[in-house]
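One structure is given here, and the rest of the page talks about it.
The values are calculated or read from the model by the stated rules, or taken from the named source; none is laboratory data. Predicted model only: the values in this text are computed from it and were never measured. Neighbour counts are summed over all protein chains in view; Cβ atoms, including those assigned to glycine, are modelled from backbone coordinates with ideal geometry. To get the accessible areas, we keep the full protein, side chains included, count just its heavy atoms, and leave off ligands, DNA and RNA. Shrake-Rupley method; radii C 1.70, N 1.55, O 1.52, S 1.80 Å.
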Amino acid sequence: MTDDDELARIEAWNEVLDDASYYEMLGVLPLADLDALRSAFHEFALAFHPDSHIGADANTLEKVRRVSQRGAEAYRVLSDPELR
């Protein structure tokens, strides 16, 4: 993926972040088991962890942090059967 593609992906997620469900964030179905959630979150974290975007400008880093935090929140909630 090129830098431009990556920036477009970050921007796209940032625009829909407030409307996306936790399931949409991680790309899983509501019936996903814990292994599927772990795998989905691992892929999400590789793409959106702030440390993966060290050379980005401050605006992009803020967007990445926001997306990453929301993904971590999604994983935390969905991996707890009582919060699902």
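Pairs linking a residue in the range 61-84 that is among the acidic types (Asp, Glu) to a residue that is surrounded by 15 or more Cβ atoms within 10 Å (Cβ to Cβ), with Cβ atoms under 7 Å and 6 or more positions apart or on different chains, do not occur.
Filtered by the rule that a residue be outside any helix (DSSP H, G or I) and loosely packed, with under 10 Cβ neighbours inside 10 Å, the range 1-21 gives 1, 2, 18, 19.
Might you let me know whether the range 40-54 holds any residue that is in contact with a helix residue (DSSP H, G or I) (Cβ under 7 Å, 6 or more places away or on another chain), at negative phi and part of a loop (DSSP other than H, G, I, E, B)? Yes, the conditions are met somewhere in the range 40-54. Only residues that are without any contact (Cβ under 8 Å) to a residue 24 or more places away in the chain, surrounded by 10 or more Cβ atoms within 10 Å (Cβ to Cβ) and not in a helix (DSSP H, G or I) were counted across the range 22-39, and they come to 1.
Just the residues that are open to solvent by 60 Å² or more (accessible area, probe 1.4 Å) and assigned to a helix (DSSP H, G or I), please, taken from the range 55-72. Answer for the range 55-72, where residues must be open to solvent by 60 Å² or more (accessible area, probe 1.4 Å) and assigned to a helix (DSSP H, G or I): 58, 59, 62, 65, 66, 69.
Scan the range 29-39 and give yes if some residue there is closer than 19 Å to residue 2 by Cβ and either hydrophobic (A, V, I, L, M, F, W, C) or touching a strand residue (DSSP E or B) at 6+ places or on another chain (Cβ under 8 Å) (or both), otherwise no. Within the range 29-39, none of the residues are closer than 19 Å to residue 2 by Cβ and either hydrophobic (A, V, I, L, M, F, W, C) or touching a strand residue (DSSP E or B) at 6+ places or on another chain (Cβ under 8 Å) (or both).
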